[in-house]
1. Counting residues in the protein assembly as shown as N, plug N into 2.2 N^0.38 Å and put the Cα Rg over that result.
2. What residue among B:LEU65, B:THR45, B:ALA84 has its Cα farthest toward the positive end of the dipole of the stretch B:1-125, where the charges are +1 on Lys, Arg and -1 on Asp, Glu, each on the Cβ?
3. Which of the lysines could be linked to B:LYS204 by a straight reach, that is with a Cα gap under 29 Å, when you skip same-chain ones fewer than 8 residues away?
4. What order do you get for B:GLU96, A:GLU9, B:GLU173, B:GLU127 when you list them from fewest to most C-beta neighbours inside 10 Å?
5. Provide the gained length on full extension for the span B:PHE176 to B:LYS204, in nm with one decimal, where the gain is 0.36 nm per separating residue minus the Cα-Cα distance.
6. Considering every Cα-Cα pair within the stretch B:10-49, what fraction, in whole percent, is farther apart than 17 Å?
7. Please average, across the residues of B:52-64, the number of beta carbons from any other chain that are within 10 Å of each residue's own beta carbon, and give a whole number.
8. Using a Gaussian network model of chain B with C-alpha springs under 10 Å, which one of B:SER33, B:SER149, B:SER88 is most mobile by mean-square fluctuation?
Amino acid sequence: NEKLPSKDEL
Amino acid sequence: MNIFRLLGDLSHLLAIIILLLKIWRTRSCAGVSGKSQILFALVFTTRYLDLFTNFISMYNSAMKLIYLVCSYATVFLMYFKFKATYDSNHDTFRMEFLVVPVGGLAFLVNHDFTPLEILWTFSIYLEAVAILPQLFMISKTGEAETITSHYLFALGSYRALYIVNWVFRFYTEGFFDLIAIVAGCVQTILYCDFFYLYITKVLKGKQLTLPA
């Protein structure tokens, strides 16, 4: 299940 | 946050600091591609636009700020303060050959057709190829200073560790971002040739020379 790419990564 | 991503971020930070210190202490940017550094500054600028609007954590904001400040400081040192030592004759890779196709691809392949998302996607694609001018420059000069090879090893390791982080997050959170994963794999693959040379030469105390 592809969630929207979490932008918690640098 | 997992150990792979933390090690990746620290490796990335180490690379950025190594380069900045190398230029500052030797007062020279010989052997360093200014074009790659401009591209990295562009990567951070387009990726961290949400720095002030989307607070995630102190760590996240602090690291983004450090990356932005250091990348611009490096570009400033190379093109202004130590401009005389910048080897423009060997740093000839055409940046537009990277920025234009990457810009087009970011418009075509993204998760969400909004300005912020397209700029983020652009930064992910651009980061994958931003090291090419540096690798091209080393292939032209046929060698790299040992400190520059340490910089490249840390920089290449960062995204390789991120790939492990994405595998880990997929199995633990069911999370995966195909755009980041594909671009991350391309980015890491570009370093393979260098990783081989680094491990077979530099770690044995030899100078990093490319077979002419």
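1. Here the Cα radius of gyration is 1.00 times the empirical estimate.
2. B:ALA84
3. B:LYS22, B:LYS140
4. Details: B:GLU96 8, A:GLU9 18, B:GLU173 11, B:GLU127 23.
Least to most surrounded, the residues fall as B:GLU96, B:GLU173, A:GLU9, B:GLU127.
5. 6.3 nm
6. Result: 37 percent of Cα pairs exceed 17 Å.
7. That average works out to 1.
8. For chain B, modelled as a Gaussian network with Cα springs under 10 Å, the answer is B:SER88.
We did not get these values from a lab; they are worked out from the coordinates using the rules stated. None of the values given here were measured: they were computed from a predicted structure. Because the Cβ atoms are built from the backbone with ideal geometry, glycine has one as well, and the counts that use them run over all protein chains shown.
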